[in-house]
Amino acid sequence: MVIKVYIASSSGSTAIKKQQQDVLGFLEANKIEFEEKDIAANEENRKWMRENVPEDSRPASGNPLPPRLFNDSRYLGDYNAFFEARENNAVYAFLGLTAPPGSKVGEHLLAVSP
């Protein structure tokens, strides 16, 4: 399972840049392996991301904007979904990963798992 983060390296939006930095920084700090997929520098990445964001997760108008997260080809969500999972100490569950033993996040998930 590979976490893929679709970003735009040359976004003119400071909000998008901050969101991308937030996601990538969190994954790096927690030693979560991921692949960064740049939709600004690679047309195939842009096309793949746009085609694989589910209809109900698309904006009312325009194309889906980064950052968008996938586990292999399974869509996980956008920045808001990631942020909510992080606030609830449920990032590993959100990403579809097993939390490392002894992690605060892992203990929370074990406590709420069925």
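Annotations
- Any chance TYR92 is crowded, with 18+ Cβ neighbours inside 10 Å and within 10 Å of the chain's Cα centre (by Cα): no
- Subset tally (residues that are of a type in the set (Gly, Ala, Ser) and part of a strand (DSSP E or B)) for region 66-104: 1
- Those residues of region 42-89 which are in contact with a helix residue (DSSP H, G or I) (Cβ under 9 Å, 6 or more places away or on another chain), within 17 Å of ILE16 (Cα to Cα) and touching a residue at least 40 places away in the same chain (Cβ under 8 Å), in sequence order: LEU65, PRO66, PRO67, ARG68, LEU69, TYR79, PHE82, PHE83
- Within region 10-41, being open to solvent by 60 Å² or more (accessible area, probe 1.4 Å), over 12 Å from PRO67 (Cβ atoms) and either more than 11 Å from the chain's Cα centre (by Cα) or of a type in the set (Val, Ile, Thr) (or both) holds for SER10, GLY12, THR14, GLU28, ALA29, ASN30, LYS31, GLU33, ALA41.
The values are calculated or read from the model by the stated rules, or taken from the named source; none is laboratory data. Keep in mind the model is a prediction, meaning the values are calculated, not measured. No Cβ is skipped: glycine too gets one built from the backbone with ideal geometry, and neighbour counts run over all protein chains shown. Note: accessible area is taken over every heavy atom of the protein model, side chains too, but ligands, DNA and RNA are not part of it. Shrake-Rupley method; radii C 1.70, N 1.55, O 1.52, S 1.80 Å.
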